[in-house]
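Everything on this sheet refers to the single structure shown next.
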There are 2 protein chains.
Amino acid sequence: MNQHAIRELAASIDHTLLRADATLGQVQRLCQEARQWGFCAVCVNPLWVKVAVQALAGSPVKVATVVGFPLGATTARVKLVEAQEALAAGAAELDVVVSLGRLKGGEETAFVQELAEVVELATGWGATVKAILETCLLSEEEKTRAAQWAVAAGVHFLKTSTGFGSGGATVEDVALLRKLAPPSVGIKASGGIRTLAQARAMLAAGASRLGTSASVAIMEEAVSWYGS
Amino acid sequence: MNQHAIRELAASIDHTLLRADATLGQVQRLCQEARQWGFCAVCVNPLWVKVAVQALAGSPVKVATVVGFPLGATTARVKLVEAQEALAAGAAELDVVVSLGRLKGGEETAFVQELAEVVELATGWGATVKAILETCLLSEEEKTRAAQWAVAAGVHFLKTSTGFGSGGATVEDVALLRKLAPPSVGIKASGGIRTLAQARAMLAAGASRLGTSASVAIMEEAVSWYGS
């Protein structure tokens, strides 16, 4: 791994802190680390968007936040208000949990409309929307349907997992989503990515973005590999 | 356990279905069970409040829903909008996850104000507010502080757990919260309650409400105990 590859790896990472009990000080440290390593974005809970935007002022690191997280089971209107507030506070990326109940219940119109409204709003702000599918709760057929419906809603990324479910990203799921989505839609692998080997396997399977809270450890591993 | 005790047990239970992937059909079944057994309330995700209100029309079973669930890490404004929408849709009880980050960071004013605004709104609708403290993430000192701040905000119940954390209700936590709260504030034990013995232990420790998804199994156990 050369220095260019190391920079590219960092630029693929959403440096993530979504613990329920994360504090202001921990969010500020996360932002410092993201500046230092050149991560693509930090990903924080809505409560901390303003703090992160302030901490990252003047840096190319973006602020991502989550909507309807992690269950995706709030109403369409609340997801929209949450998105609006995050965008107004300076979030550049929204990771939105889809309505898994509507997916499993076959309620296609409600599922797609909810996401499409968030996409329309975010697009007006020049922001990116990632649909979190929570693949650990889905059958193969449901993964396919979720991907198709989310793409129909116009999302910019399909994201595997919340990190709060019973399982995270798998190489198989990333490859499946990559196969299902058009080239213009990115794949974000998230949940359980803790080593350089896992990170590289996800990228090789077709992920264009990684969500992890082990970002610094992964980068240190990459640097030591380069140095050796 | 006589028939009166069985009815009292049922009347203490919030019959709960908060899985991310619960479907409309499952929510309707939950409501039927609640009517049949005489549970105090059903507890469902915000997405399903309207469905539950409709399914329970004409019955004394109340509809409870959750706010900022399960991380409590969305903004105060989004919690308020979520509460408003749930109340307008007919929810009679709101189980609100407190801001654990603000609790741990010592941000008392923001913590209390957020909850107090929800209480003020809900009171106008004649609705009940329960503060979910997620005790599994808290030290003894933090549990005490969370209870005191939530009581100061005017909540009607202290609730131990979301059921999505690393641990649920314990007899010790229920007893601690009972000791800390004034008599006018109820205690709701939730998370991991799956047997009649556990349910009775929580009530004996001072809980006045139980949140469980094993309600039917617990009631069947109580009935068989009565029958024997």
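The values are calculated or read from the model by the stated rules, or taken from the named source; none is laboratory data. Because the structure is predicted, anything quoted here is derived from the model rather than measured. Cβ sites come from the backbone with ideal geometry, for glycine too, and all protein chains shown count toward neighbours. Accessible surface is based on the protein model in full, side chains and every heavy atom, while ligands, DNA and RNA are left aside. Shrake-Rupley method; radii C 1.70, N 1.55, O 1.52, S 1.80 Å.
Here are the numbers for the structure shown:
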item: Chain A, closest residue to the rotation axis toward B, by beta-carbon, whole angstrom; result: A:Val81, 2
item: By accessible area with a 1.4 Å probe, ligands and nucleic acids excluded, highest first: order of B:Thr75, B:Thr170, B:Thr135; result: B:Thr170, B:Thr75, B:Thr135
item: Between 0 and 90°, nearest 10: helix B:108-124 axis offset from chain B longest Cα axis; result: 50 degrees
item: Rounded tilt (10° steps) of A:140-152 against the dominant C-alpha axis of chain A; result: 90 degrees
item: Pseudo-label separations to other copies for B:Ala217 - Cα-to-Cβ vector, 7 Å, nm; result: 3.4
item: Chain A: angle of helix A:24-37 to the longest principal axis, Cα-based, in degrees nearest 10; result: 60 degrees
item: Average accessible area per residue (Å²) across the protein assembly as shown - probe 1.4 Å, nucleic acids and ligands excluded; result: 38 Å²
item: Selected from A:Pro183, A:Pro46, A:Pro60 as most flexible by GNM, with chain A as the system and alpha-carbon contacts under 10 Å; result: A:Pro183
item: Gyration tensor (alpha-carbon) shape descriptor, the protein assembly as shown, a/c threshold 1.5; result: prolate
item: Per-residue mean of C-beta atoms belonging to partner chains within 10 Å, peptide B:84-97; result: 1
item: Inter-part distance where region B:128-202 and region B:15-63 are each reduced to a Cα centre, Å; result: 23 Å
item: Chain B: most fluctuating residue of B:Cys40, B:Cys136, B:Cys31 per GNM, C-alpha cutoff 10 Å; result: B:Cys136
item: Carbon + sulfur, % of accessible area of chain A - ligands and nucleic acids excluded, 1.4 Å; result: 52 percent
item: Given A:Lys104/B:Lys188; A:Lys50/B:Lys188; A:Lys62/A:Lys130; A:Lys50/A:Lys104; B:Lys143/B:Lys179, the pairs whose alpha carbons are separated by over 23 Å; result: A:Lys104/B:Lys188; A:Lys50/B:Lys188; A:Lys50/A:Lys104
item: Shape of chain A, Cα gyration tensor, a/c cut at 1.5; result: oblate
item: In Å², nearest 10: area of B:Arg200 left accessible to a 1.4 Å probe; result: 100 Å²
item: Residue mean of other protein chain beta carbons inside 10 Å, B:153-165; result: 1
item: Of B:Ser208, B:Ser161, B:Ser184, the one that fluctuates the most in a GNM where chain B has Cα springs shorter than 10 Å; result: B:Ser184
item: Pseudo-label separations to other copies for B:Gly106 - Cα-to-Cβ vector, 7 Å, nm; result: 5.7
item: Where A meets B: accessible area buried, both sides, 1.4 Å probe, Å²; result: 2800 Å²
